[in-house]
Amino acid sequence: MKASLAFLLAAAPLAGQAPEAFPDEPAPVEAGLASPPGRYADDGIDVLHYDVEVALPLGPGWIQGRASILIRAEAAVESLTLDFSGLAVDGVAVDGAEVSNWSMDEGLLRVPFAAPPAVGAEATVTVSYRGVPDDGLILGETVHGAPSAFVDNWPNRTRFWLPTVDHPSDKATATFTIHAPAPWQVIANGRALGSPQATDPDVPGPDVGPRRTWRYATEVPHPTYTLVVGGAEMVVDTVGLAACGAAPASSRSDGCVAVTTWLFPESAAGGRASFRRGAEMVDFFAERVGPFPYEKLAHVQSATRFGGMENSSAIFYSQQAIAAGRDIEGTVSHETAHQWFGDSVTEADWSHLWLSEGFATYFGALFFEDVDGPDALRERMASAASAYLASGDSARPVVDGRPDLFGLLNRNSYQKGGWVLHMLRRELGDGPFFDGIRAYYDRYRDATAITDDLRAVLEEVSGTDLATFFDQWLFRPGYPVLAVETDAVPEGLRIRVEQVQGAYAPRFVIPVDLQVSWDGGTVRRTLRLDGSGGELTIEGAPADATVVLDPDGWLLHRRDDGA
């Protein structure tokens, strides 16, 4: 579609105009599909900042939006291509000058430059738009029937309400100006810029009666899938202050991070319990991994389709779970860990999603090891192993270039990814493992990484060659299936362990811990498999001794019982 319009908001609909009065809204693209290869590779553009202004309706309805996108030319470029779908564009400008020959097709808004910017130069592209979002910004009612508006972006659904380069490889800072119904509390990424003010009556947008305007700003770059706003009638409480002295982006004068809850009034009393240790979680991850990366941490009851969504500095949770009074503390720990892994250190491509979800799975569990003891971690890892082994996800590798991005939300990315980190901890030892994780976070904080970047840092810190480990566990499918045979020999008990998994999976190079018990005592040995199998002899052990594989739960595997 091409258009020549008066500059910016001059063609905007009048306040109160009904959604059906927007016949020029284009059809939306399908959500959750990876873009064609090359869409984001070497496009010569780096987005530095999004300045977002949006007027929200009272429940279902339409939005008025304007986004000013600050870009830097990294190469000679003649246009900017933005991901944008299903909303009507009212005007486009480059550095304040109207652009009439923009085009929009199949979810892409192409903006040509009249004079291509010099390499290294910056330009601002402004897009004004309105309509009914098809996805991404959920306009409707809370579980209690009150009007609400919440953004839910993952994986690439930002394009349904905001023009962006909608891919994790291009991170940017953002500012938000949100015009919302006056009774609402409004949350967004970053720090609040003062208190909400009465909205200027000349600001266009849906007719909702009295409005207030909220402003937020981020100081560190975010992946687009974590850029959010949300509004509803909510009760805001402070859980506590955290990461004092370890939160360089904090907007507080004391340098601490305010950890808060934003819950619907009907859910507040029963929902607070899951967040009672929210400040402790931030302190734990700041000590174990590195400085907290953002200005605040808000835990928000919302309209997300997920159990939790790790939006940077403003985590959104399932409104149904909180309203039902469920204990979601495990989800809170998982999503809090994401602030470091996924949000701050972001996977450069969707295929490396385990760097987000596997890390959040494992480090979320590590919090409970710290506060509730080692058995808490073992129980969570055993549950993760059971879920993975019972799934069909093992037929694919963890690093997976599948085009169905929602399909990546599987037990490879989460449970197996978490187990990979658990096994790395065993392989390297606690000291080198956690030193390596801290170095990885420090090197890629506020940036992006792929799996080979993690391996390189861990090898550098530990002095261990991890090529085989990473290849077999992350780039190839499957897991070890171990069959155990025992034979009485003059010296004692001979134990042979064979790998019997299907040919689709590698023969793993792995340490297998064995515990052998009988009336005379208990012996532990480690058998390192390199190939199909191996054996060892336990001196003095009788033929009826009990053999336990992996007694401490360090190896993702299944024991073949011969049935």
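Derivation of every value follows stated rules applied to the coordinates shown; laboratory data play no part. Being a predicted model, the structure only gives us computed values, none of them experimental. Here the Cβ is made from the backbone with ideal geometry for all residues, glycine too, and neighbour counts use every protein chain on show.
Viscosity 1.002 mPa s, temperature 20 °C: what is the translational diffusion coefficient of the chain from Stokes-Einstein with a Kirkwood Rh over Cα pairs, rounded to a whole number of µm²/s?
Values: Rh = 25.4 Å.
For these conditions, the coefficient is 84 µm²/s.
Please sort 272-283, 343-354, 426-437, 111-122 by packing, taking for each peptide the average over its residues of neighbouring beta carbons within 10 angstrom, highest first.
So the peptides 272-283, 343-354, 426-437, 111-122, ranked by packing, come out 343-354, 272-283, 426-437, 111-122.
Can you check how the C-alpha radius of gyration of the range 8-338 compares to 2.2 N^0.38 Å, as a plain ratio? Write out the running numbers ahead of the final one.
On the way: Rg = 19.6 Å, N = 331, 2.2 N^0.38 = 20.0 Å.
After normalising by residue count via 2.2 N^0.38 Å, the value is 0.98.
Quick check on packing: order 229-242, 476-489, 306-319, 537-550 by the mean number of other C-beta atoms within 10 Å, highest mean leading. Before the final figure, lay out each step's value.
Numbers: 229-242: 20.2, 476-489: 17.0, 306-319: 24.3, 537-550: 15.4.
Result, highest mean first: 306-319, 229-242, 476-489, 537-550.
Using the scaling law 2.2 N^0.38 Å as the reference, what is the normalised Cα Rg of the range 412-483?
Rounded to two decimals, the normalised Rg is 1.12.
Please list, in order, the residues from the range 493-509 whose amide nitrogen is less than 13 Å from a point placed 7 Å along the Cα→Cβ vector of Thr468.
Counting only backbone N, you get 507-509.
Taking every alpha carbon pair in the range 481-560, what does the distance histogram look like in 5 angstrom bins from 0, in percent?
Result, from short to long distances: 3, 16, 27, 25, 15, 9, 3, 1, 0 percent.
Based on the alpha-carbon gyration tensor of the range 456-520 and its eigenvalue square roots a ≥ b ≥ c, which shape applies: rounded if a/c is under 1.5, prolate if not and a/b is larger than b/c, or oblate?
Details: a/c = 3.67, a/b = 1.74, b/c = 2.11.
Judged from the Cα gyration tensor, the range 456-520 comes out oblate (a/c at least 1.5, b/c at or above a/b).
Sum up the charges of everything whose Cβ sits under 15 Å from the Cβ of Ala541, counting Lys and Arg as +1 and Asp and Glu as -1, but leave Ala541 out. Provide the component values of the computation, followed by the final result.
Details: positive: Arg494, Arg496, Arg524, Arg525; negative: Glu485, Asp487, Glu491, Asp519, Glu535, Glu539, Asp544.
Once all neighbours under 15 Å are counted, the net charge is -3.
Take the alpha carbon gyration tensor of the range 147-258, find the square roots of its eigenvalues, order them as a ≥ b ≥ c, and report rounded if a/c is under 1.5; if not, report prolate when a/b exceeds b/c, else oblate. List each step's numbers first, then the result.
Values: a/c = 1.92, a/b = 1.16, b/c = 1.65.
Oblate, because a/c is 1.5 or more while a/b does not exceed b/c.
The range 160-221: D in µm²/s via Stokes-Einstein (Kirkwood Rh, Cα pairs, 10 °C, 1.306 mPa s)? Let's see the in-between values first.
Values: Rh = 13.2 Å.
The Stokes-Einstein estimate is 121 µm²/s.
What does the charge add up to near Pro133, with Lys and Arg as +1, Asp and Glu as -1, over the other residues with Cβ less than 12 Å from its Cβ? Display every interim value, and only then the final one.
Details: positive: Arg130, Arg157, Arg159; negative: Glu25, Asp134, Asp135, Asp152.
Result for the neighbourhood of Pro133: -1.
Let me know the whole percent of all Cα-Cα pairs from the range 82-234 that are separated by more than 19 Å. Each step should come with its number before you reach the end.
Numbers: 7009 of 11628 pairs.
The answer is 60 percent, as a whole percent.
Where Lys and Arg each count +1 and Asp and Glu each count -1, what net charge lies around His49 among other residues with Cβ under 13 Å from its Cβ?
Details: positive: Arg72, Lys171; negative: Asp46, Asp51, Glu122, Asp170, Glu219.
Cβ neighbours under 13 Å give a net charge of -3.
May I ask for the Rg/Rh ratio of the range 348-474, computed from Cα atoms with Rh as the Kirkwood radius, given to two decimals? Write out the running numbers ahead of the final one.
Values: Rg = 14.2 Å, Rh = 15.0 Å.
That ratio is 0.95, to two decimals.
For the range 212-351, take the convex hull of the Cα atoms, compute a quarter of its surface area, and give me that in nm², please. Walk me through the intermediate numbers first.
On the way: hull surface 34.4 nm².
Hull-based average projected area comes out at 8.6 nm².
Taking the Cα centre of each part, how many Å lie between the range 95-156 and the range 262-306?
29 Å
Based on the mean of other beta carbon atoms within 10 Å per residue, what is the order of 150-157, 355-362, most packed first?
355-362, 150-157
For the pair Val500 and Asp95, what calculated FRET efficiency results from E = 1/(1 + (r/R0)^6), where r is the Cβ-Cβ distance and R0 = 45 Å, to the nearest 0.05?
Values: r = 66 Å, r/R0 = 1.46.
FRET efficiency, Asp95 to Val500: 0.10.
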